[in-house]
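The values are calculated or read from the model by the stated rules, or taken from the named source; none is laboratory data. Worth saying up front: this structure is predicted, and the values here are computed from it rather than measured. Don't worry about glycine lacking a Cβ; one is built from the backbone with ideal geometry, like all the others, and counts go over all protein chains shown. Keep in mind that these areas ignore ligands, DNA and RNA; they rest on the heavy atoms of the full protein, side chains included. Shrake-Rupley method; radii C 1.70, N 1.55, O 1.52, S 1.80 Å.
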Amino acid sequence: MGVFRKLLPQEFLEDLSSLDVDRFFNSGRDVFIFDFDNTLGYWRSQKIEERFQLLLKKILSSNGKIIIASNGKPRQISLDGVDVIWRVRKPFTKKIKESLLSQGIDVKRVVLIGDQIFTDVLAGNLLGAYTVKVKPLSKTEFFGTKVLRVFERVLFLFLRKR
Ligand SMILES: [Mg+2]
């Protein structure tokens with residue numbers, strides 16, 4: 001069961017805008033690492049969806065930290081006070097670890113939020129962060145991601161039967 005545990009998020013969320021930020025702050029988690037494509041914005045977009053802006057502002061105004069960690073190619077994302085790391089190669093954790101280390105951030109403070117099991121959730125769990133899996137914003141995505149979705153469905157069917 002060890003392998004499967006790393007693939008399971010601590011939490012599933014239908015809609016990112018309902019992320020309970022206060023609960024995290026109250027439990028000492030104030031660093032939020034977001035996936036970008038199909039989590040904060042559409043695939044290959046540069047725009048954070050309007051309905052998530054309030055959530056992000058709330059984190060920043062509560063002195064929380066936001067890191068966007070994407071496997072995608074570098075693009076301009078305009079949001080003040082936010083770190084962005086491109087080509088992260090999740091589920092590998094090297095780049096995220098380096099970023100946390102350079103800022104002296106303990107992983108116990110980290111929540112990682114993303115729409116994919118085999119990249120986001122796995123990376124977050126390997127890091128030792130609290131992981132939240134959100135529903136992808138759209139069905140438009142990278143071909144390789146579509147393939148991984150099939151495996152996600154198989155995994156959940158398998159786990160449901162246990
Ligand atoms: Mg994504």
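Here are the numbers for the structure shown:
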read-out	value
In the stretch 75-85, the residues that are out of contact with any helix residue (DSSP H, G or I) (no Cβ under 9 Å at 6 or more places or on another chain) and within 16 Å of the ligand (Cβ to nearest atom)	Arg75, Ile77, Val84
Test for Phe24: is it of a type in the set (A, V, I, L, M, F, W, C) and within 16 Å of the ligand (Cβ to nearest atom)	no
Tally of residues being away from the ligand (no atom under 16 Å from the Cβ) and either closer than 13 Å to Ile77 by Cβ or not β-branched (Val, Ile, Thr) (or both) across the stretch 30-55	6
Failed item in (1) without any contact (Cβ under 8 Å) to a residue 24 or more places away in the chain; (2) closer than 18 Å to Lys135 by Cα; (3) more than 16 Å from the chain's Cα centre (by Cα), with Ser18 passing the rest	(3)
Enumeration of residues in the stretch 55-104 that are small (Gly, Ala, Ser) and within 21 Å of Phe25 (Cα to Cα)	Ser61, Ser62, Gly64, Ala69, Gly81, Ser99, Gly104
Residue count for the stretch 28-64, restricted to those that are over 19 Å from Phe143 (Cβ atoms) and in contact with a helix residue (DSSP H, G or I) (Cβ under 8 Å, 6 or more places away or on another chain)	16
Check on Leu8, within 14 Å of the chain's Cα centre (by Cα), aliphatic (A, V, I, L, M) and more than 16 Å from the ligand (Cβ to nearest atom)	yes
Close pairs (6 angstrom Cβ cut-off, 6 or more residues apart or separate chains): at pLDDT 90 or above in the stretch 35-49, buried (at least 22 other Cβ atoms within 10 Å of the Cβ) and part of a loop (DSSP other than H, G, I, E, B) anywhere	Phe36/Ser70; Asn38/Asp115; Thr39/Asp115; Ile48/Leu40
Scan of the stretch 81-120 for residues that are polar (S, T, N, Q) and within 22 Å of Phe4 (Cβ to Cβ), ordered by number	Thr93, Gln116, Thr119
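A quick yes/no check of all residues on (1) open to solvent by less than 80 Å² (accessible area, probe 1.4 Å); (2) of a type in the set (Phe, Trp, Tyr); (3) away from the ligand (no atom under 15 Å from the Cβ):
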site	(1), (2), (3)
Gly28	yes, no, yes
Lys57	no, no, yes
Asn63	no, no, yes
Val110	yes, no, yes
Asp115	yes, no, no
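Here's the yes/no breakdown for (1) more than 17 Å from the chain's Cα centre (by Cα); (2) closer than 24 Å to Asp22 by Cβ; (3) open to solvent by 80 Å² or more (accessible area, probe 1.4 Å):
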| position | (1), (2), (3) |
| --- | --- |
| Ile68 | no, yes, no |
| Gly72 | no, no, no |
| Gln76 | yes, no, yes |
| Val84 | no, no, no |
| Val88 | no, no, no |
| Ile96 | no, no, no |
| Ser99 | no, no, no |
| Ser102 | yes, no, yes |
